[in-house]
Ligand code: KG4
Ligand code: ZN
């Protein structure tokens with residue numbers, strides 16, 4: 001089954017083309033066009049800029065993906081009626097209708113069985129562009145369209161085991177399992193009864209982990225996205241100092257571990273961010289050295305909390321299987337510490353290229369949905385900014 005998948009929930013315009021058969025996946029194309037540079041000046045993702053950039057980039061990203069996948073094609077005639085419908089679907093998407101129709105008329109129809117698109121959660125203006133684009137493609141090429149929950153995408157991204165660069169298998173895992181989902185918008189502990197059946201057992205009460213990394217980076221004068229920057233500084237602090245001098249230094253920059261001992265499985269990261277803000281305000285002259293110490297202490301504090309709650313949640317769910325997904329699992333120290341400090345669990349972590357937002361994970365999710373349908377998908381697809389995993393439709 002050939003699946004074309006589209007992801008535009010935040011600041012990446014991504015399209016993948018997958019050939020899925022049983023447990024085997026051949027990644028024919030995996031294109032991610034990041035808008036990070038456009039958002040840097042705002043210190044975070046600016047929704048209307050994201051929407052405009054998706055509208056500009058979707059057709060070029062599709063062309064690039066199709067030329068990589070080299071699918072067989074056949075001739076296609078677009079009727080006036082279909083053309084009018086497409087114009088209507090894309091009318092609010094910043095001129096996308098013109099480039100879209102030009103592309104459709106100049107190219108043959110590729111052999112694709114299913115189109116998948118992220119319907120939420122995410123930034124609604126950004127989600128809408130991808131959804132309208134997917135609806136227009138589905139109509140023009142007469143191919144069925146399925147909606148995908150972005151967070152389920154992050155879960156299934158961890159199940160792909162690569163044989164080589166393009167070929168992978170979808171690993172069978174034991175259920176129930178626990179998923180720790182950590183991204184710029186989410187921090188959740190999810191009981192996975194099976195793919196498609198989820199119960200959220202813990203979540204952040206305020207900021208998401210990635211958001212905390214981004215905000216603390218901003219306080220330290222580091223660019224967006226903050227996660228990789230903080231991690232780089234923290235790492236250099238660890239490498240350049242002896243552990244003892246390092247411990248002494250970071251002692252004076254110590255940060256809280258919010259809710260680490262609470263009985264529930266919830267998180268709170270805004271307190272650490274506020275503690276960093278007060279700390280920074282009291283420092284008369286900020287130096288690179290101090291930034292490194294704060295970055296290291298912040299990274300340690302966040303990881304201490306994540307690991308402690310994850311262990312508690314594994315007990316609660318009664319599972320030995322841990323899936324970790326979302327942009328923050330790109331963090332090297334977190335990966336290492338999970339392996340070392342949660343030895344009781346079999347841990348599934350995505351390949352680094354699948355940790356951030358991408359469309360391969362959306363295609364895999366659609367493929368697994370088709371294999372184990374939860375509900376018929378014959379409903380109107382709409383952007384759902386705060387779509388939750390436990391009421392997956
Ligand atoms: O999943 P993702 O790509 O987008 C969302 O759906 O939010 O996650 C992006 C988040 C950003 O907040 C970014 O700072 C964080 O992931 N991130 C990291 C690292 N790389 C990306 N956080 C900590 N350490 C990293 N190495
Ligand atoms: Zn994400």
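The values are calculated or read from the model by the stated rules, or taken from the named source; none is laboratory data. Note that this is a predicted model, so its numbers are computed, not measured. So basically every Cβ, Gly included, is an ideal-geometry build from the backbone, and we count neighbours across all protein chains shown.
Scanning segment 177-200 for residues that are surrounded by fewer than 19 Cβ atoms within 10 Å (Cβ to Cβ) and either free of Cβ contacts under 8 Å to residues at least 40 places away in the same chain or over 24 Å from residue 25 (Cα atoms) (or both) yields a total of 3.
Return the residues of segment 112-138 that are assigned to a helix (DSSP H, G or I) and touching a helix residue (DSSP H, G or I) at 6+ places or on another chain (Cβ under 6 Å); say none if nothing qualifies. Don't jump to the end; show me each part of the working.
Kept after step one, since they are assigned to a helix (DSSP H, G or I), are these residues of segment 112-138: 124-138.
Those that are assigned to a helix (DSSP H, G or I) and touching a helix residue (DSSP H, G or I) at 6+ places or on another chain (Cβ under 6 Å): 125, 126, 129, 132, 133, 135, 136.
Considering only residues in segment 342-355 that are in contact with a strand residue (DSSP E or B) (Cβ under 7 Å, 6 or more places away or on another chain) and in a loop (DSSP other than H, G, I, E, B), the one that is nearest to ligand 2 (Cβ to nearest atom) turns out to be 350. Sub-6 Å Cβ pairs linking a first residue in segment 8-24 that is under 23 Å from residue 45 (Cα atoms) to a second residue that is at pLDDT below 95 and surrounded by 24 or more Cβ atoms within 10 Å (Cβ to Cβ), at least 6 apart or interchain, are 11/50, ordered by first then second residue. When residue 339 is tested against the conditions (1) within 13 Å of ligand 1 (Cβ to nearest atom); (2) free of Cβ contacts under 8 Å to residues at least 40 places away in the same chain; (3) touching a strand residue (DSSP E or B) at 6+ places or on another chain (Cβ under 9 Å), the lone failure is (1).
Among the residues of segment 248-278, those identified as modelled with pLDDT under 95 and over 19 Å from residue 307 (Cβ atoms) are 248, 249, 251, 252, 253. Of the residues making up segment 311-328, those that are within 22 Å of residue 235 (Cβ to Cβ) and touching a strand residue (DSSP E or B) at 6+ places or on another chain (Cβ under 6 Å) are 324, 326, 328.
For the condition more than 16 Å from ligand 1 (Cβ to nearest atom) and modelled with pLDDT of 95 or more, residue 62 qualifies. Does residue 203 meet the test of being within 16 Å of ligand 2 (Cβ to nearest atom), at pLDDT 95 or above and surrounded by fewer than 22 Cβ atoms within 10 Å (Cβ to Cβ)? Judged against the criteria, residue 203 is a match.
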